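Encoded as C-alpha cells, the structure appears first; notes follow it.
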Amino acid sequence: DSEHLNKNINWKRLHDFVREGLKADKTGHDYEHTRRVVKIALQIAEKTKGVDYDVLVAAALLHDIAYRHGAIKNHHLVGAEEAIDILKSLKFPQTKIDKIKLAIEDHVGIIGEPIRKNNELLVESKILRDADNVDALGSIGVIRMIAFCTSHNYHYFRSKEDKFSESVYGALKGLLIWPDKMLTAEGKNLANSRIPAIKDFLSEIEKEYS
C-alpha cells in the first residue's frame, strides 16, 4: 500500500532485512507470517481513522524480528529495542521510531501479558495486535496451531473438555473466543469471518474420535 508510505524510506531494504533475519524461523513467526500480518493490518487500517501508515507498516514488519535469534522469551520487548537501530539506519524520524517501538512492545495480547491498558494504546498498536491475532485464526491458524502443538508433543484429542494446553483440539477450541478480544471493529469482523473454519475442523475431530 505504497501510496500511504513515505517515499524517502527504503521499504525494500526493510523487507529484505526481515526476510533474511527470519528465514530460519521454525516457530511460526517467519517472514510469511510477517507478510500476512502486514496485509491484515492494512485491511484493518482501511476501516480505521487516524492511522500513521509508516508507523503501522514498519511495526508490522519488525514485530517478530527478535525470532531471528530463535525461540525467545519476551520477543516483543527484545524486538522493540532491536528495531531502534534498524529504523535509525533507514532514516526514520525519531517521533515515528518512538511510536513503532511502542507498537512492537504492545502487540502481544490475549495469551500474553499486555504492558498497557487498551485505552492507553496507540491506534497502530491496536491494529497490529489485532492483525497478529487474526493470523492465528482460520485455516492458516489451524495449520499454525497444529505445528505448535505437535512441536510441544500435545495429544490430538482426549475429550471435549480439553483445555488449551492439553491437546490440539483444546488449543483450537480456545481460539473461538478470540474475536471478542479484538481491539478494532474491523479486526473483530475479520476474526469472526475465520471462526467457521476452526469450528468445522473441531467438528470433524469430534466425529472421528466419537
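Run the accessible area of the chain with a 1.4 Å probe and give the carbon-and-sulfur part as a rounded percent.
Heavy-atom surface of the chain belonging to carbon and sulfur, 1.4 Å probe: 51 percent.
Need one value: the accessible area of Asp200 in square angstrom, 1.4 angstrom probe, rounded to the nearest 10.
Asp200 has an accessible surface of roughly 100 Å² with all protein chains in place.
At 30 Å minimum axial length over the Cα atoms and a Kyte-Doolittle cut of -1.0, report the qualifying DSSP H helices in the chain, or say none.
Length and hydropathy pass: 185-209.
Give me the accessible area per residue for region 142-203, probe 1.4 Å, as a whole number in Å².
Result: 55 Å² of accessible area for each residue.
Would you please classify the overall shape of region 41-132 from the alpha carbon gyration tensor, given that a ≥ b ≥ c denote the square roots of the eigenvalues, rounded means a/c under 1.5, and beyond that prolate means a/b larger than b/c while oblate covers the rest?
oblate
Pick out which of Ala41, Ala197, Ala66 has the largest mean-square fluctuation in a Gaussian network model of the chain, springs linking Cα atoms closer than 10 Å.
Fluctuation is largest for Ala197.
Accessible area per residue of region 1-139 at 1.4 Å probe, in Å²?
Numbers: 6800 Å² over 139 residues.
Per residue, region 1-139 has an accessible area of 49 Å².
So what is the 222 nm mean residue ellipticity for the chain from helices alone, if each DSSP H run of at least 4 adds -39500 (n - 2.57) and you divide by all residues, rounding to the nearest 500 deg cm²/dmol?
Value at 222 nm, helices only: -18500 deg cm²/dmol.
Beyond 27 Å between alpha-carbons counts as too far, so tell me which of Lys49/Lys181; Lys39/Lys117; Lys99/Lys188; Lys26/Lys73; Lys49/Lys173; Lys7/Lys188 fall in that bin. Walk me through the numbers on the way to the answer.
Values: Lys49/Lys181 20 Å; Lys39/Lys117 25 Å; Lys99/Lys188 23 Å; Lys26/Lys73 15 Å; Lys49/Lys173 33 Å; Lys7/Lys188 31 Å.
Result: Lys49/Lys173; Lys7/Lys188 exceed 27 Å.
The values are calculated or read from the model by the stated rules, or taken from the named source; none is laboratory data. Just so it is clear, the structure is predicted and the values come from calculations on it, not from any experiment. Surface accessibility is based on the protein's heavy atoms, side chains included, excluding ligands, DNA and RNA. Shrake-Rupley method; radii C 1.70, N 1.55, O 1.52, S 1.80 Å.
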